[in-house]
Structure formats: structure tokens, C-alpha cells
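The values are calculated or read from the model by the stated rules, or taken from the named source; none is laboratory data. Not measured: the values here are computed from a predicted model. All Cβ positions, even for glycine, are placed from backbone atoms using ideal geometry, and neighbour counts span all protein chains on display. Note: accessible area is taken over every heavy atom of the protein model, side chains too, but ligands, DNA and RNA are not part of it. Shrake-Rupley method; radii C 1.70, N 1.55, O 1.52, S 1.80 Å.
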Amino acid sequence: MSKANEPGLVVDGVSVGYGPVRALRGVTLEVPARSVVAVLGGNGAGKTTLLRAVSRTLGFHGGAVTSGTVDFGGRRIGGLSADRVVAAGVCQVPEGRRVFARMTVADNLRAGALGSHGSRADKAAALRRVHELFPVLADRAQQRAGLLSGGEQQMLAVGRALMAAPKLLLLDEPSLGLAPLMAARIADTIREINAQGVSVLLVEQNAALALRLASHAYVLEVGEITLHGRADELAGSDEVRRRYLGVVDETAASDAAAATGGAAHTPTLSRWGGAR
Ligand code: ATP
């Protein structure tokens, strides 16, 4: 079967409100099949809201799509219930790795398979794949999920979503609060999941990590897409470098140094979420 023109996720002109709060305005983006696309943005930009609009979970948070359409795989999913969106192949991993802390690791994974329409054999195969990706989840199968480390809980949250055998994974800040090494491991896993044919829509404040993983990226500011393009081009753009990669404006800095008769300076490079 040819996969060349397989339709991916198409979000077209979506606006979202939480009562009077307008959280998204006319957001348009695409996640081609089998790609990784990142959405960058600061606190409150609307990143989580965008994922909720796709996964149809806005209603659980008092929000609603007020205009626009969401299609996946050539099919309108904008009108479906959240469980039907999962059945259509779209699974969200929420921010803050919300695992069921009192349940065992194994039961958390079982819960992830509840939304899938796969056979018993499909579910067993999904569990094998999750254990291959995250061997620690096999080792700790009978342990309560709340006892896992932050990074392991993030693995469990991703593993639970994979149990529904999604075609598109919606990842909400998977690196948040993780030490750089663990964030890098999660990034490797995202790459591997994608290599197995799963598309990924990744929202991140850690722009450096997101731009390394994604082929395309969008910048979301106060509910609107303000920039988009190839990830390597965005990573090279002054605005993204200054605002999201934390690169100090070298021209302004040297102008300031010249104005104050200051000594030669070394440009400072720092990254959100990394060591400072
Ligand atoms: P963060 O990185 O801080 O999680 P975000 O980019 O994910 O931010 P959202 O959580 O989508 O941003 O929030 C977008 C806007 O919608 C913010 O102004 C926020 O206060 C508002 N908002 C989010 N959830 C709700 C809610 N359940 N009820 C009312 N307003 C909300």
C-alpha cells in the first residue's frame, strides 16, 4: 500500500474559548503522516489548549472550539468524542505525566489499551513494543506507578499512550522537569517511536530539544501562530534564537558594550531547561 499521500493531521482556523477567555485564535497547522512537528511557545501561549482541541478533551476543562476544523487521516475528527478520537488513532500524553499513582505499572499500561479496538494479540504486541522501548517498565511491572522517578513516570505516560497503538501521538512537554540526561533519553525514544511509523505533534518550552526532533515547527504566541517553517530554518532565525533558544542579541550587546566603552564581551549562549 502506498503511504506517500497518506493524509495526516490538518488543523484549520481553529479558535478556542474557555468561557470568555480566548485561548486560540485561527490556528492552522499540519502534521504530515509519519513526521514530527513541534509547537513552541512560552507559558500560557495555548500549547496545551491546541492538543486538547485535537484530542477533543477541551470539554473536560470547560473549553470549546468556537470555529475551525480538525481532520485526521482524511476524516473530520473535530466532531467526535474523546474516546472516538483515540479509536481513530490519536492519543495524547498529558503534561505532568499523569499516571495513576496508586495503580501498578502493569495496570497503568492495561488502562492505556482500553481505548483501543485491537484484538488481544494486538494488545500483547503493543505491550511487547512498550517493554522493548522502555525495559524499566517491564522490570517494575508490579510496582506502584507513584514510586517511579519523574523520568520513569514520563516513560510510563508515553508507554500508556502507545498501548492504544496510535498513528499520531500528541506530546505535551515531555521534557518538563526532567534532568538534561533524562530529557535526552525521552527525545531518543520519541525519535524511535516516530521511526516505527507514528506521527508526533510535540509541544515544548524546551525549544532546543523540540527543534532537534522535529522536521517542521510552529511558534504559538498568545493563542496565535506567529511563525512556522522547517525546524532547521526556525532554529537559525534571529527571533527564535533570541526568544526561545535564549541566545543573547549579540549586536545589541556589542552596541551596549561600545556605548559604555565596555571591554570586549563573549556572547552568552544558554538554553531553557538546560544548565545555566
Ligand atoms: P503552559 O506551558 O504554561 O502549560 P500553554 O501554552 O500550554 O501554557 P494553555 O494551558 O493552553 O497554555 O493556556 C492558554 C490560555 O488558556 C491561558 O491564558 C490559560 O490561562 C487559559 N486556560 C487554560 N486552561 C484553562 C481552563 N481550564 N479554564 C480557563 N482558562 C484556561
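Please determine, by comparing only the residues of the range 174-191 that are in a loop (DSSP other than H, G, I, E, B) and open to solvent by 10 Å² or more (accessible area, probe 1.4 Å), which one is nearest to the ligand (Cβ to nearest atom).
Filtering the range 174-191 for residues in a loop (DSSP other than H, G, I, E, B) gives 174-179.
Of the ones still in play, those that are also open to solvent by 10 Å² or more (accessible area, probe 1.4 Å) are 175-179.
Working: SER175: 12, LEU176: 8, GLY177: 12, LEU178: 15, ALA179: 19 Å.
Selected residue: LEU176.
Scan GLY41, GLY59, GLY46 and give me the residue that is open to solvent by 30 Å² or more (accessible area, probe 1.4 Å) and either within 14 Å of the chain's Cα centre (by Cα) or within 11 Å of the ligand (Cβ to nearest atom) (or both). Let's see the steps before the verdict.
Values: GLY41 fails: open to solvent by 30 Å² or more (accessible area, probe 1.4 Å); GLY46 fails: open to solvent by 30 Å² or more (accessible area, probe 1.4 Å).
Step by step, each of GLY41, GLY59, GLY46 is checked, and only GLY59 is open to solvent by 30 Å² or more (accessible area, probe 1.4 Å) and either within 14 Å of the chain's Cα centre (by Cα) or within 11 Å of the ligand (Cβ to nearest atom) (or both).
Could you please give the count of residues in the range 8-38 that are over 17 Å from GLN196 (Cα atoms) and either part of a loop (DSSP other than H, G, I, E, B) or near the ligand (Cβ under 10 Å from one of its atoms) (or both)? Write out each step before concluding.
Filtering the range 8-38 down to residues over 17 Å from GLN196 (Cα atoms) leaves 9-30, 38.
After this cut, where a residue has to be either part of a loop (DSSP other than H, G, I, E, B) or near the ligand (Cβ under 10 Å from one of its atoms) (or both) as well, the list is 16-24.
Residues that pass the stated criteria total 9.
Take VAL99 and decide whether it is closer than 22 Å to GLN205 by Cβ, away from the ligand (no atom under 16 Å from the Cβ) and open to solvent by 10 Å² or more (accessible area, probe 1.4 Å).
Numbers: closer than 22 Å to GLN205 by Cβ: yes; away from the ligand (no atom under 16 Å from the Cβ): yes; open to solvent by 10 Å² or more (accessible area, probe 1.4 Å): yes.
So VAL99 fits the description; yes.
Quick one: VAL93 ticks every box in (1) free of Cβ contacts under 8 Å to residues at least 60 places away in the same chain; (2) surrounded by 18 or more Cβ atoms within 10 Å (Cβ to Cβ) except a single one, so which number is it?
With (1) free of Cβ contacts under 8 Å to residues at least 60 places away in the same chain; (2) surrounded by 18 or more Cβ atoms within 10 Å (Cβ to Cβ) applied to VAL93, the lone miss is (1).
Restricting to the range 192-236, count the residues that are open to solvent by 20 Å² or more (accessible area, probe 1.4 Å), of a type outside the set (Ser, Thr, Tyr) and either in a strand (DSSP E or B) or within 15 Å of the ligand (Cβ to nearest atom) (or both).
The total comes to 10.
Determine whether GLY68 is in contact (Cβ under 8 Å) with a residue 60 or more places away in the chain, in contact with a Leu (Cβ under 9 Å, 6 or more places away or on another chain) and small (Gly, Ala, Ser).
On the way: in contact (Cβ under 8 Å) with a residue 60 or more places away in the chain: no; in contact with a Leu (Cβ under 9 Å, 6 or more places away or on another chain): yes; small (Gly, Ala, Ser): yes.
So GLY68 fails the test.
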